[in-house]
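Readers should treat all values here as calculations from the given coordinates under stated rules, not as data from a laboratory. Since the structure is predicted, the reported quantities are computational estimates derived from the model, not experimental observations. Using ideal geometry, Cβ is built from the backbone for each residue, glycine included, and neighbour counts are taken over all protein chains shown.
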Amino acid sequence: MTIFSISLLAVCILLVIILGISLYFNFKHGVVILKMQDAIEKSLDTLDLKYKRISEILETPVFFDSVEVRQVLSEIKDARRSVLYVAGELSNIDYDDEAEERKNG
């Protein structure tokens, strides 16, 4: 064996080791991303359910006209808007990524 063939073999072994490390971390991060996506989807489902329940509560008539009751209703409306905003922001992540891919693609 010549020095050239030995050096080529060493470079090939090094590249295979680097490839293995890269594959390991790609797989590891891919699993993390998939778990995160599942968690976001579950959170969106929960937020949707809470939004529907809060909307149902706000539609029931209130027979007690007090400042405290109005404040509570105002807080519930703000919470409903916040839930809708968070759900919109979480769902826009996918749309923003797709839009960027279309622009670049």
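Cβ neighbours within 10 Å, averaged per peptide: list 10-22, 56-68 in order, most packed at the top.
With the highest mean Cβ count within 10 Å placed first, the list reads 10-22, 56-68.
Post the alpha-carbon centroid distance, segment 1-17 to segment 27-90, in whole angstrom.
The distance from the Cα centre of segment 1-17 to that of segment 27-90 comes to 59 Å.
Relative to the first principal axis of the alpha-carbon coordinates of the chain, what is the inclination of helix 67-104, with its axis defined by its Cα atoms, in degrees from 0 to 90 and to the nearest 10?
For 67-104 against the chain, the angle is about 30 degrees.
Compute the semi-axes of the equivalent ellipsoid of segment 3-104, taking the square root of 5 times each eigenvalue of the Cα gyration tensor, and list them largest first in whole Å.
Rounded to whole Å, the semi-axes are 56, 14, 10.
How far is helix 3-59 tilted, in degrees, relative to the longest principal axis of the Cα atoms in the chain, given as a value from 0 to 90 rounded to the nearest 10?
Relative to the chain, helix 3-59 is tipped by roughly 10 degrees.
In nm, to one decimal, how far is the modelled label at Phe27 from the one at Val62, with both set 7 Å along Cα→Cβ?
So the two model labels end up 5.7 nm from each other.
Arrange Asp78, Asp48 by Cβ neighbour counts within 10 Å, fewest through most, would you?
With the sparsest Cβ surroundings first, the list reads Asp78, Asp48.
Quick check on the chain: helices-only [θ] at 222 nm, where DSSP H runs of length 4 and up contribute -39,500 (n - 2.57) each and the sum goes over total residues. Nearest 500, please.
Computed ellipticity for the chain at 222 nm equals -34000 deg cm²/dmol.
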